[in-house]
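Trainee: Can you read through this structure? Questions will come right after.
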Amino acid sequence: MVIKIKLGKKISEGKTKIVYESDDPNEVILEFKDDITAGDGLKHDIIRDKGYLNAAISAEFFRVLNEKGIPTHFKEFIPP
């Protein structure tokens, strides 16, 4: 099953993530980047699937927190 996400306007971009508006004004979409940096951005490279893996790990952390009754703002992980 393929899930298509309509990304809204880019709100912010950092070294590891991009934040986009979503259709819901109370929610945002995070895109995890494949970029890797060192030396405060002096060194830069791309590692294939790094963003996917970081997003999957973060989603698992949020799942465990929610399972333990610790509230979060996490909704769902949508793989690429």
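Trainee: Could you figure out which of (1) over 15 Å from Phe77 (Cα atoms); (2) modelled with pLDDT of 95 or more isn't true of Ile57?
Mentor: (1)
Trainee: Anything in segment 28-39 that is over 23 Å from Lys10 (Cα atoms) and either assigned to a loop (DSSP other than H, G, I, E, B) or in contact (Cβ under 8 Å) with a residue 60 or more places away in the chain (or both)? List them, or say none.
Mentor: Passing the criteria: only Gly39.
Trainee: Take the residues of segment 50-80 that are among the charged types (D, E, K, R), part of a loop (DSSP other than H, G, I, E, B) and within 12 Å of the chain's Cα centre (by Cα): which is surrounded by the fewest Cβ atoms within 10 Å (Cβ to Cβ)?
Mentor: Top of the filtered list is Glu76.
Trainee: When only residues in segment 1-14 that are in a loop (DSSP other than H, G, I, E, B) and of a type outside the set (Val, Ile, Thr) count, which is farthest from Ile78 (Cα to Cα)?
Mentor: Gly14
Trainee: I would also like to ask the following. If a residue must be in a strand (DSSP E or B) and surrounded by 10 or more Cβ atoms within 10 Å (Cβ to Cβ), how many such residues does segment 40-49 contain?
Mentor: Total satisfying the criteria: 3.
Trainee: Go through segment 1-50 and give me each residue that's of a type outside the set (Lys, Arg), over 14 Å from Pro80 (Cβ atoms), modelled with pLDDT under 95 and out of contact with any strand residue (DSSP E or B) (no Cβ under 7 Å at 6 or more places or on another chain).
Mentor: Within segment 1-50, Gly14, Asp23, Asp24, Pro25, Asn26, Glu27, Ala38, Gly39, Asp40, Gly41, Leu42 qualify.
Trainee: Okay, next question. Can you find, within segment 15-28, the residue that is surrounded by the fewest Cβ atoms within 10 Å (Cβ to Cβ) among those that are touching a Lys or Arg at 6+ places or on another chain (Cβ under 9 Å) and within 15 Å of Lys75 (Cβ to Cβ)?
Mentor: The residue in question is Asp23.
The values are calculated or read from the model by the stated rules, or taken from the named source; none is laboratory data. Computed from a prediction, not measured in an experiment: that's the story for all the values here. Every residue, glycine as well, gets a Cβ built from its backbone with ideal geometry; the counts of neighbours run over all protein chains shown.
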